[in-house]
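Asker: The structure that follows is given in the form of structure tokens.
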Amino acid sequence: MPADYNGRWEMVSNDKFEDILKAIDIDFATRKIASHLSQTKEIVQDGDKFETKTLSTFRNYEVNFTIGEEFEEHTKGLDNRKVMTTVTRDGDKLVCVQKGEKDNRGWKQWLEGDMLHLEIHVLDKVCHQVFKKSQ
Ligand code: YOG
């Protein structure tokens, strides 16, 4: 059975997030707010279909995808770019590639027990976030 990402996940750590914010040209003032946010993920997964919400007191971000299907992602409220996004599986890991202006952009997501790990990368920067299952 493939990994089950369904549920609500609360951030417990967010290592090197500011490096990612800089790499995607987020301005200083926004970085100062964004880097202190605790994020929550809400994921609804039905087979290969995912509905995801990343929530915070400052901004929310929603993106839906189907494994293996490329789509145009508008990073609305983040860096407001358009990228061509594909999410695939590598075993139980989700591997996302976001083709666009910024090279080597994407993320990887996986489970370890009741923790969800998300590694976000852009250029040579890598951020590691960990979330704990809450519901
Ligand atoms: O995750 O797409 O889990 O399926 C990335 C934040 C900060 C606003 C969040 C708001 C990038 C300004 C989504 C923080 C930071 C900073 C909460 C990552 C950009 C701008 C939204 C993502 C996947 C995998 C969703």
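Asker: Suppose we keep only residues that are in a strand (DSSP E or B) and touching a residue at least 24 places away in the same chain (Cβ under 8 Å) within region 17-64. Which one would you say is farthest from Ala3 (Cα to Cα)?
Answerer: Thr40
Asker: Taking only pairs six or more apart or across chains, which ones have beta-carbon atoms under 9 Å, a first residue in region 69-82 that is within 17 Å of Lys53 (Cα to Cα) and surrounded by 12 or more Cβ atoms within 10 Å (Cβ to Cβ), and a second residue that is at pLDDT below 95 and not aliphatic (A, V, I, L, M)?
Answerer: Within 9 Å, no pair qualifies.
Asker: In region 111-123, which residue that is in a strand (DSSP E or B) and more than 11 Å from the ligand (Cβ to nearest atom) is farthest from Tyr5 (Cα to Cα)?
Answerer: Here the residue is His121.
To keep it simple, each residue is scored yes or no on (1) of a type in the set (D, E, K, R); (2) within 22 Å of Arg59 (Cβ to Cβ).
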| residue | (1), (2) |
| --- | --- |
| Asp79 | yes, yes |
| Met84 | no, no |
| Gly91 | no, no |
| Gln98 | no, yes |
| Lys102 | yes, yes |
| Leu118 | no, yes |
| His121 | no, yes |
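Asker: Checking the conditions here, which among Val126, Val95 is modelled with pLDDT of 95 or more, surrounded by 13 or more Cβ atoms within 10 Å (Cβ to Cβ), within 12 Å of the ligand (Cβ to nearest atom) and among the β-branched types (Val, Ile, Thr)?
Answerer: Val95
Asker: Based on this model, can you work out whether Thr88 counts as of a type in the set (Ser, Thr, Tyr), farther than 19 Å from Gly7 by Cα and out of contact with any Phe, Trp or Tyr (no Cβ under 9 Å at 6 or more places or on another chain)?
Answerer: Criteria met by Thr88.
Asker: Still on this structure: State yes or no: is Val63 among the aliphatic types (A, V, I, L, M), in contact with a Leu (Cβ under 6 Å, 6 or more places away or on another chain) and near the ligand (Cβ under 10 Å from one of its atoms)?
Answerer: no
This table checks each residue for (1) in contact with a His (Cβ under 8 Å, 6 or more places away or on another chain); (2) under 17 Å from Leu111 (Cα atoms); (3) surrounded by 15 or more Cβ atoms within 10 Å (Cβ to Cβ).
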| position | (1), (2), (3) |
| --- | --- |
| Asp19 | no, no, yes |
| Ile24 | no, no, yes |
| Phe28 | no, no, no |
| Leu37 | no, no, yes |
| Ile43 | no, yes, yes |
| Val63 | no, no, yes |
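Asker: Something else about it: Within region 44-55, identify whether any single residue is within 11 Å of the ligand (Cβ to nearest atom), within 17 Å of Val95 (Cβ to Cβ), out of contact with any strand residue (DSSP E or B) (no Cβ under 6 Å at 6 or more places or on another chain) and of a type outside the set (Ser, Thr, Tyr), and answer yes or no.
Answerer: Yes; the residues of region 44-55 include at least one that is within 11 Å of the ligand (Cβ to nearest atom), within 17 Å of Val95 (Cβ to Cβ), out of contact with any strand residue (DSSP E or B) (no Cβ under 6 Å at 6 or more places or on another chain) and of a type outside the set (Ser, Thr, Tyr).
The values are calculated or read from the model by the stated rules, or taken from the named source; none is laboratory data. Just so we're clear, the structure is a prediction, and the values are computed from it rather than from any experiment. When we count neighbours, we look across all protein chains shown, and the Cβ atoms used for this are built from the backbone with ideal geometry, even at glycine.
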